[in-house]
Amino acid sequence: MAATHLWARVRLAEKADVPQLLKMIQQMADFERLTHLLSATESSLSAALFPSADPPPPFKSFTVFILDVSPDPIDSSADPFFTPVSRKIELPTAISDPEQQAFVSGKATVAGFVLFFPNFSTFLAKPGFYVEDLFVREAYRRRGFGRMLLSAVAEQAAAMGFGRVEWCVLDWNENAIKFYEEMGAEVFREWRICRLSGAALLDYARD
């Protein structure tokens, strides 16, 4: 994709995005050295994010924003729940995307995603959003696209009167930590994630 600029759009994901979403999750697991934990499939992802019976509206449950890019302006027509965010990104150097054909979506290319859902702060007595995953494909990193995705989540949280947006970062990912701190986020290095999953979850549930 040789160009001096790209048009970028953040939009709500649709069921048709699941195959490309899974590819990005697989790439993210590989980058984070966590492929041994990955068991998601297209069918399980589709059933969880886009249930056929009584699907919750966006922002009330699991929500995914997709980042599309194109050398030409992208349609940003509003849907009932979210008006896509679109902007022109100037490029200091051309982008080479060897995987472009695998991520074509209409007239655009899928370049990343963010998955988030509501949580609640007892200290603030307000809901917020928890960002489970933020991912930009390798060819598009360090171009401002990750900031664009997080900004869209923050803007939605503010519009809904929420108190905060939070997420976790791997302690060895110094580039990500620096990026988050530069955007104004606090990185709580003294906190630790606690998790029950798999057999441990089932054993504890029976205890």
Meets criteria (modelled with pLDDT under 95 and either surrounded by 12 or more Cβ atoms within 10 Å (Cβ to Cβ) or touching a Ser or Thr at 6+ places or on another chain (Cβ under 9 Å) (or both)) for Ile66
no
For region 72-82, indicate whether the set of residues that are within 17 Å of the chain's Cα centre (by Cα), over 21 Å from Arg137 (Cβ atoms) and of a type outside the set (A, V, I, L, M) is non-empty.
yes
Can you tell which of Arg137, Arg141 is among the charged types (D, E, K, R), over 18 Å from Cys168 (Cβ atoms) and modelled with pLDDT under 95?
Arg141
So, in region 1-47, exactly how many residues are at pLDDT 95 or above, of a type outside the set (Lys, Arg), under 25 Å from Ser70 (Cα atoms) and not in a loop (DSSP other than H, G, I, E, B)?
16
For Gly112, state whether it is under 13 Å from Arg9 (Cα atoms), in contact (Cβ under 8 Å) with a residue 12 or more places away in the chain and either of a type outside the set (A, V, I, L, M) or crowded, with 18+ Cβ neighbours inside 10 Å (or both).
yes
Does Thr35 count as under 16 Å from the mean Cα position of the chain (by Cα), surrounded by 11 or more Cβ atoms within 10 Å (Cβ to Cβ) and of a type outside the set (A, V, I, L, M, F, W, C)?
no
Can you find a residue that is at pLDDT 95 or above and under 22 Å from Met24 (Cβ atoms) anywhere in region 159-173?
yes
Please go through region 94-114 and give me each residue that is in a strand (DSSP E or B) and in contact with a Leu (Cβ under 8 Å, 6 or more places away or on another chain), ordered by number.
Val110, Ala111, Gly112, Phe113, Val114
With the condition kept exactly as written, say whether any residue in region 68-83 is touching a residue at least 24 places away in the same chain (Cβ under 8 Å), out of contact with any Gly (no Cβ under 8 Å at 6 or more places or on another chain), assigned to a loop (DSSP other than H, G, I, E, B) and under 27 Å from Ala29 (Cα atoms).
no
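Within the bounds of region 138-157, is there any residue that is within 21 Å of Leu37 (Cβ to Cβ), touching a residue at least 12 places away in the same chain (Cβ under 8 Å) and of a type in the set (A, V, I, L, M)? First the steps, then the outcome.
From region 138-157, those within 21 Å of Leu37 (Cβ to Cβ) are 138; that's our starting set.
Narrowing further to those that are touching a residue at least 12 places away in the same chain (Cβ under 8 Å): 138.
Next, only the ones that are of a type in the set (A, V, I, L, M) stay: none.
No, because not a single residue in region 138-157 is within 21 Å of Leu37 (Cβ to Cβ), touching a residue at least 12 places away in the same chain (Cβ under 8 Å) and of a type in the set (A, V, I, L, M).
The values are calculated or read from the model by the stated rules, or taken from the named source; none is laboratory data. Being a predicted model, the structure only gives us computed values, none of them experimental. Positions of Cβ are generated from backbone atoms using ideal geometry, with glycine treated the same way; all protein chains shown enter the neighbour counts.
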